[in-house]
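Worksheet: one structure, shown below.
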Amino acid sequence: MLCVSDSMAGGRPGRSIISATVGKMSEANMTVTHSIMPAIERRHFLGVPFDRIAFDDVVRLISDTRDDPAYRYIVTPNVDHIVRLAQHPELLPYYENAWLTLCDSKPVSMLAKAVPLTLPRVTGADLTACLFGLVIRDGDHITMIAPSQNVIDQMRTRFPRLNIRAHVPPYGVLNNPAELQRCVDFAVQEKADFIFVAIGSPQSEKIAYEISKDPEATGICLCIGAALEFMTGMKKRAPRWMSRTGLEWLHRLGSDPGRLWRRYLFSVLPLLGLAVREIPRGWWARLRG
């Protein structure tokens with residue numbers, strides 16, 4: 001309805017979202033309060049929270065609330081995130097305290113049906129492209145925590161009417177507290193309408209979470225992986241048929257085998273182990289009523 005995306009392909013129409021408000025944030029926790037008709041349902045699957053909201057409704061929700069200056073952030077967990085969270089549960093607050101946590105994985109969405117649970121797939125790449133096409137306005141203040149200066153230059157060339165401010169942190173920022181804090185301070189000081197953190201996981205989610213602790217923070221923040229590189233053509237996305245059938249991981253592996261083979265190899269078995277434990281519990285709970 002709002003834009004065409006791989007996330008929506010073959011998907012079920014979402015519920016109509018009217019409005020949302022963001023609750024108060026404290027240093028230890030960010031409480032999210034939705035005044036929505038109907039409410040967004042948050043469910044846990046494989047140990048990770050997911051909001052059951054369709055792509056169209058996510059875009060509408062962001063569009064309807066974009067002028068609210070209160071800071072809030074969106075995460076898009078996939079298989080890699082799920083496996084990492086199972087091994088490092090101390091990272092879970094980054095997701096639990098997100099305004100929206102959206103399923104960015106066709107395999108995870110397919111596994112959830114065995115519970116049975118419907119998890120709409122909303123990818124960070126599709127959502128980012130749609131926001132730049134339909135929601136973000138000329139003159140908006142955009143802050144980017146970007147992977148390279150080249151990405152920033154390409155985005156400024158493509159969107160000359162946007163006020164884009166950006167910071168490129170050094171490699172290994174997750175284990176560099178001073179540099180990570182520089183990212184947080186930069187995002188807070190810029191007073192952006194939208195913040196895009198595009199430097200991988202879990203550093204992007206940690207930055208978004210740490211920003212939420214600052215009462216001066218503003219805007220809607222999205223942790224979006226390689227979405228900016230897809231938008232600028234620096235990386236190529238999988239064909240739509242591969243995305244629809246859950247084979248996008250195979251395209252990514254073929255595009256960057258040296259970096260991704262180990263991640264995928266060591267993610268499959270832990271993911272299946274989590275699913276084997278959870279799916280029977282889901283059916284047992286369903287049978288018990």
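Here the residues S63, S109, ranked from fewest to most Cβ neighbours within 10 Å of their Cβ, fall in the order S63, S109. Backbone amide hydrogens, once placed in the peptide plane, bring L162 within less than 5 Å of G139, excluding anything fewer than 5 places away on its chain.
Listed by chain and number, the lysines placed with their C-alpha closer than 30 angstrom to that of K191 are K24, K206, K213, K235; residues fewer than eight positions away on the same chain are left out.
Based on the mean of other Cβ atoms within 10 Å per residue, sort peptides 217-225, 269-277, 54-62 so the most packed one is first.
Details: 217-225: 26.0, 269-277: 14.1, 54-62: 23.2.
The packing order, highest mean first, is 217-225, 54-62, 269-277.
Protection proxy ranking, highest mean first, for peptides 79-87, 45-53: 45-53, 79-87, where packing is the per-residue count of other beta-carbon atoms within 10 Å, averaged. As a length-normalised measure over Cα pairs under 8 Å and 6 or more apart, the relative contact order of segment 41-283 settles at 24 percent. Taking amide hydrogens as placed 1.01 Å from N in the peptide plane, the amide H of F196 sits under 5 Å from those of T143, M144, I145, L222, each at least 5 positions away in sequence or on another chain.
At what distance in angstrom do the alpha carbon centres of segment 39-116 and segment 187-225 lie from each other? If you average the Cα positions of each part, the centres end up 16 Å apart.
Laboratory data are not the source of any read-out in this text; all were calculated from the coordinates shown. The structure presented is a predicted model; accordingly, all values stated were derived computationally and were not measured. Methodologically, a virtual Cβ is constructed for each residue, glycine included, from the backbone with ideal geometry; neighbour enumeration extends over all protein chains shown.
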